[in-house]
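This report refers to the structure that appears directly beneath it.
FYI, it's all coordinate maths here, none of it is from the lab. These figures come from a predicted structure and were not determined experimentally. Note that each Cβ is placed from the backbone with ideal geometry, even for glycine, and that neighbours are counted across all protein chains shown.
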Amino acid sequence: MLEGNDTLMHSRTAYEEALSVLSSLIVNRRRCDKSGDRFELMFEYVKMLDLEEPMRRMKVIHVAGTKGKGSTCTFTESILRSCGFHTGLFTSPHLIDIRERFRLDGVNISEEKFLTYFWWCYNKLKERTNEQVDVAILEVGLGGTFDATNVVQEPLVCGIASLGYDHMEILGNTLAEIASEKAGIFKRGAPAFTVFQPDEAMHVLRDKASQLDVQLTVVPSLDPELLHGRKLGLEGEHQYLNAGLAIALSSTWLHRAGHSKLSYMEQSRSLPEKFIEGLTSASFDGRAQIVADRYIGIESPEGLVFYLDGAHSPESMEVCARWFSAAIRHNQRGMLSHQSEDKSTSDNDEARKKSVQVLLFNCMTARDPQLLLPPLIKTCANNGVHFKKALFVPNTSVFNKVGSHSLAEANGQVDLSWQFHVRRVWQNTIQRDKGSDSKAEVVGKSCENSTVFSSLPMAIKWLRDSVLQQNRSIRLQVLVTGSLHLVGDVLKLIK
């Protein structure tokens, strides 16, 4: 273990050692213990680190929800940073590097700062940190009531993003139970905002707010006209809902923190330029993200394109499918435009390529693929998008490790039983949607329209080889979804 001045070592070895120690603290996959016993330990840790008073001084925006809370936090941070404030943003999970969870002024915390703060906490030092921010935006990891971020007792404003069915084994089997857990971040004296929710969930949110005398306001989606022709920094129609929530959170924080002149008043119908700048410049990897595979070659950058979205609930899968379908249509219109303009032979060759949609999928065993895959398939089909092939892979990352050593070792002993189960669900759903009473026989690792790979790198290699073997005459558009862990693993490999 590193101690004393050794904690300031800046080498990659020092960083990896810190990640190894951090990984050793991850002893149980289960989170959000409803007994509250483990959550109470957070307050003990705060006392041990002498952070009670510094935390009371923090001007916090606290955001929970099933889907969209990370995007809402990202928009909020970007708005307030554009307004000139020193921002701190916490989101989870990370995709590639744990430092993604901690952003200062929009940039991941440096390895040096991570080492300093980690070892300071780990060794329970009593000295103060010197990193101060004007505003801290905290995304709840899971639930709300017993999430680690709920150690903050005096936020300036709270937000609840869209609610849906996820983590039901922990949060409950009904929207009412889930909403009750999310509303656990409400604090007396702190106004709260949410978006339009199903009646079952909204009733619980209003009841919880009333019990604490919290003013709860439902905010509408952002009117695109307020952006004056510019686009949100995060893709997808659903982001206008998250942007509307972010505007309300930012405006309320500005008002309560003594910066009313920078705030936005809804009745003005004119969004401040700094708000527009923040909304249009926001970025968040792994959410409606499009990345061309550079491995295929610079002369054919669109030969293999990954469409990445960490959707992992039935509702978010439908949203993901709508975004993917719209992105495909936009791409096809672009290709047709190239062809009609007849700019050059290379442009026309690109336009004449056959576009093929492929699904790269995995979900955690705690989730039910029978709830996730049907809305994805149906929504895509309703928008004219049909997957030629579906690839199923195990996760590369393992839940109890962080850093590069978190990658599972590839060997011949990989248990693929879950991936075969997910593929059977896929096949049965496809057959049912085709109106066939007979189910396709699914044996071995591969059949005509689906394949199970024993590792993600093998699946990526297959995709690349498919483009190269057909002399780049096809354009593979690969939707990667079902798990943020999978999205992060793909980004590791293609970036």
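With 18 Å as the limit on Cα-Cα distance, the pairs of 231/495; 182/378; 67/182; 69/113; 182/208 that go past it are 231/495; 182/378; 69/113. Across segment 94-187, the relative contact order, built from alpha-carbon pairs under 8 Å that are at least six residues apart, equals 20 percent. Here the peptides 420-427, 73-80, 356-363 are ranked by packing, the mean other Cβ count within 10 Å, and the order with the highest first is 73-80, 356-363, 420-427. The alpha carbon radius of gyration of segment 220-271, expressed as a multiple of 2.2 N^0.38 Å, is 1.17.
Taking only the C-alpha atoms of segment 163-234, Rg followed by Dmax gives 14.9, 44 Å.
For segment 193-205, the Karplus equation 6.51 cos²θ - 1.76 cosθ + 1.60, evaluated at θ = phi - 60°, returns couplings of 10, 8, 9, 4, 10, x, 3, 4, 6, 5, 4, 5, 4 Hz by residue, with Gly and Pro reported as x. For residue 190, the shell of other residues with beta-carbons less than 14 Å away shows a net charge of +4, using +1 for Lys and Arg and -1 for Asp and Glu. Of the trypsin sites (Lys or Arg not before Pro) found in segment 146-238, those in coil by DSSP whose Cβ has at most 15 other Cβ atoms within 10 Å are 188, 230, 231. All other residues whose Cβ lies under 13 angstrom from that of residue 216 are scored, Lys and Arg at +1 and Asp and Glu at -1, for a net of +3. With Rh defined as the Kirkwood radius, the inverse of the mean 1/r over Cα pairs, the Rg/Rh of segment 207-297 is 1.09.
In sequence order, segment 85-91 has phi-based couplings of 9, 7, 10, x, 10, 10, 9 Hz under the Karplus curve 6.51 cos²θ - 1.76 cosθ + 1.60, θ = phi - 60°, and Gly or Pro positions carry x. Of the chymotrypsin sites (Phe, Trp or Tyr not before Pro) found in segment 176-248, those in coil by DSSP whose Cβ has at most 16 other Cβ atoms within 10 Å are 196. If you model segment 68-187 as an ellipsoid using its alpha carbon gyration tensor, with each semi-axis the square root of five times an eigenvalue, the axes come out at 27, 17, 14 Å, biggest first. Of the GluC sites (Glu not before Pro) found in segment 212-265, those in coil by DSSP whose Cβ has at most 15 other Cβ atoms within 10 Å are 237.
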